[in-house]
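K.L.:
Below you will find the structure I want to go over with you.
The values are calculated or read from the model by the stated rules, or taken from the named source; none is laboratory data. Since the model is a prediction, treat every value here as computed from it, not as a measurement. Methodologically, a virtual Cβ is constructed for each residue, glycine included, from the backbone with ideal geometry; neighbour enumeration extends over all protein chains shown. SASA here: full protein model, heavy atoms, side chains in, ligands and nucleic acids out. Shrake-Rupley method; radii C 1.70, N 1.55, O 1.52, S 1.80 Å.
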Amino acid sequence: MSSAVEPIQTLAVKLSMLPGIGSKTAVRLAYHILEMPEESARELARAIENAREKVHFCSVCGNYTDAELCSVCADPTRTGELVCVVENARDITAMEKMREFHGRYHVLGGVISPMDGIGPGDIRIKELQTRIAEEGITEVIIATNPDVEGEATATYISRLLKPFGVRVTRIAHGIPIGGNLEYVDEMTLYKAIEGRREL
């Protein structure tokens with residue numbers, strides 16, 4: 001890449017910062033962008049800027065939205081008694097693909113990970129407690145990833161919520177250990193929700 005023009009090198013370096021994009025793929029993408037019609041390249045740049053400017057977190061659940069409330073929180077047909085707790089907003093997209101969950105969500109914004117310096121106060125657990133106290137929630141499904149941090153977070157939250165008198169369940173382990181919700185197929189997610197268990 002040393003013989004490439006500096007702006008191409010810079011573009012490739014920036015593209016390689018994306019997950020799953022290695023240096024060779026980044027170079028190919030950089031050249032592909034240069035070979036696109038100029039207006040298409042500008043539209044791509046505008047789409048990135050537009051998303052960064054307009055998309056933010058829902059004030060209730062923490063999902064991605066370009067309005068005050070996300071589409072799930074704003075949907076009056078969703079039951080407010082059932083809340084599914086996920087690690088990240090992108091996990092909601094994975095859950096919604098199965099089209100079988102009709103409750104609402106709560107995004108933690110991460111998991112408890114002492115090795116990374118992330119404690120309970122660094123994720124949205126207090127906001128979950130507030131929602132349980134104010135919204136009439138009767139069941140909380142914990143759908144954190146089935147890895148060490150996800151399991152530790154699920155256990156911590158279940159203990160914290162017991163005094164509230166809500167049913168706390170954990171999605172079944174149809175999801176492989178070390179897997180991410182983002183990459184799991186709809187049927188596996190459906191079976192995981194269907195086979196959830198009390199914590």
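K.L.:
Pop a pseudo-label 7 angstrom from the Cα along the beta-carbon direction at both residue 36 and residue 9 and give the gap in nm to one decimal.
P.N.:
Modelled inter-label distance: 2.4 nm.
K.L.:
What does the accessible area per residue of the range 1-48 come to in Å², with a 1.4 Å probe and no ligands, DNA or RNA counted?
P.N.:
I get 76 Å² per residue for this part.
K.L.:
As I understand it, the value is the acute angle between the Cα axis of helix 38-54 and the longest principal axis of the Cα atoms of the chain; what does it come to in degrees, rounded to 10?
P.N.:
The two axes meet at around 30 degrees.
K.L.:
Here's another thing I want to ask about it. Could you state the number of Å between the C-alpha centres of the range 99-178 and the range 47-77?
P.N.:
Using only Cα atoms to place each centre, the spacing works out to 21 Å.
K.L.:
Next question. Along its three principal axes, how long is the chain when you only count alpha carbons? Whole Å, largest extent first please.
P.N.:
Taking max minus min along each principal axis of the Cα atoms, the chain gives 64, 36, 34 Å.
K.L.:
About the Cα centre, and with charges only on the beta carbon of Lys, Arg (+1) and Asp, Glu (-1), how big is the dipole of the range 94-199? Nearest 20 debye, please.
P.N.:
Rounded to the nearest 20 debye, it is 360 debye.
K.L.:
If you don't mind, another one. Per 10 Å bin, what is the whole-percent P(r) computed from every C-alpha pair distance within the range 90-199?
P.N.:
Calculated over all Cα pairs of the range 90-199, the distribution is 14, 48, 34, 4 percent.
K.L.:
Give the dimensionless ratio obtained when the Cα radius of gyration of the range 43-112 is divided by 2.2 N^0.38 Å.
P.N.:
The value comes to 1.18.
K.L.:
Compute the FRET efficiency between residue 21 and residue 52 as 1/(1 + (r/R0)^6), taking r as their Cβ-Cβ distance and R0 = 22 Å, and round to the nearest 0.05.
P.N.:
0.75
K.L.:
Helix 125-135 against the longest principal axis of the chain: what's the angle in degrees, Cα atoms only, rounded to the nearest 10?
P.N.:
50 degrees
K.L.:
Within the accessible area of the range 127-199, what % is carbon and sulfur when the probe is 1.4 Å and the other protein chains stay in place?
P.N.:
Result for the range 127-199: 53 percent of the exposed heavy-atom area is carbon or sulfur.
K.L.:
Looking only at the chain, where both bridge partners belong to it, what percent of the DSSP beta bridges are antiparallel (to the nearest 5)?
P.N.:
Here the antiparallel bridges make up roughly 30 percent for the chain.
K.L.:
Further question: Determine the relative contact order of the range 3-132: mean sequence separation of Cα pairs under 8 Å and six or more apart, normalised by residue count, in whole percent. Display every interim value, and only then the final one.
P.N.:
Numbers: 126 pairs, mean separation 18.6, N = 130.
Reported relative contact order: 14 percent.
K.L.:
Within the range 44-76, find all residues whose amide N lies under 15 Å from a label point positioned 7 Å from the Cα of residue 182 along Cα-to-beta-carbon.
P.N.:
Residues 64 qualify, since their backbone N sits under 15 Å from the label point.
K.L.:
A follow-up question, please. Going out from 0 in 10 Å bins, what whole percent of all Cα-Cα distances in the range 37-154 drops into each bin?
P.N.:
Answer for the range 37-154: a P(r) of 13, 39, 29, 14, 5, 0 percent.
K.L.:
Could you calculate the contour length gain from residue 138 to residue 122, that is, 0.36 nm times the residue separation minus the distance between their Cα atoms, to one decimal place in nm?
P.N.:
Values: separation 16, 0.36 × 16 = 5.76 nm, distance 2.50 nm.
Working it through step by step, the gained length comes to 3.3 nm.
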